[in-house]
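**Student:** A single structure is presented below for examination.
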Amino acid sequence: MSNSLSFVGRLGGDPELKEVGSTTVLEFSIANNCGFGEKKTTNWFRAAIWGKQGESLQKFQQKPKQIRTCLFK
């Protein structure tokens, strides 16, 4: 059994591509708004994509582009 979380948000900054040992990792933050009017809040999520998938995604993603994310654990 696995847990998953799926949501839509906007990138909080341009993703950063880093080297960790011999592997690359793309790190980024996503802002997700909840509620309306005075009760509106923003939740921030940090995410990372490892390997070639992260390298490919970095070319197409920049602030404030909307992104849909599905996280698994």
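The values are calculated or read from the model by the stated rules, or taken from the named source; none is laboratory data. Fair warning: this is a prediction, and the values are worked out from it, not measured in the lab. In case anyone asks, the SASA skips ligands and DNA or RNA and just uses the protein heavy atoms, side chains included. Shrake-Rupley method; radii C 1.70, N 1.55, O 1.52, S 1.80 Å.
**Student:** Take the Cα pairs of the chain, get the Kirkwood Rh, then feed it into Stokes-Einstein at 10 °C and 1.306 mPa s and tell me D in µm²/s. Numbers along the way, then the final one.
**Tutor:** Working: Rh = 13.3 Å.
Estimated via Stokes-Einstein, D reaches 119 µm²/s.
**Student:** Just the number, please: carbon plus sulfur as a percent of the accessible area of the chain, 1.4 Å probe, no ligands or DNA/RNA counted. Write down the numbers at each step before the final one.
**Tutor:** Working: 2950 of 5710 Å².
Heavy-atom surface of the chain belonging to carbon and sulfur, 1.4 Å probe: 52 percent.
**Student:** Right, another one. Could you give the accessible area per residue of the chain, probe 1.4 Å, as a whole number in Å²?
**Tutor:** 78 Å²
**Student:** Mean residue ellipticity at 222 nm from the helices of the chain, using -39,500 (n - 2.57) per DSSP H segment of n ≥ 4 over the full residue count, to the nearest 500 deg cm²/dmol?
**Tutor:** -2500 deg cm²/dmol
**Student:** Take the residue pairs LYS18/LYS39; LYS40/LYS65; LYS18/LYS40 and return only those whose Cα atoms are more than 28 Å apart.
**Tutor:** On the way: LYS18/LYS39 37 Å; LYS40/LYS65 20 Å; LYS18/LYS40 34 Å.
As for pairs spanning more than 28 Å Cα to Cα, those are LYS18/LYS39; LYS18/LYS40.
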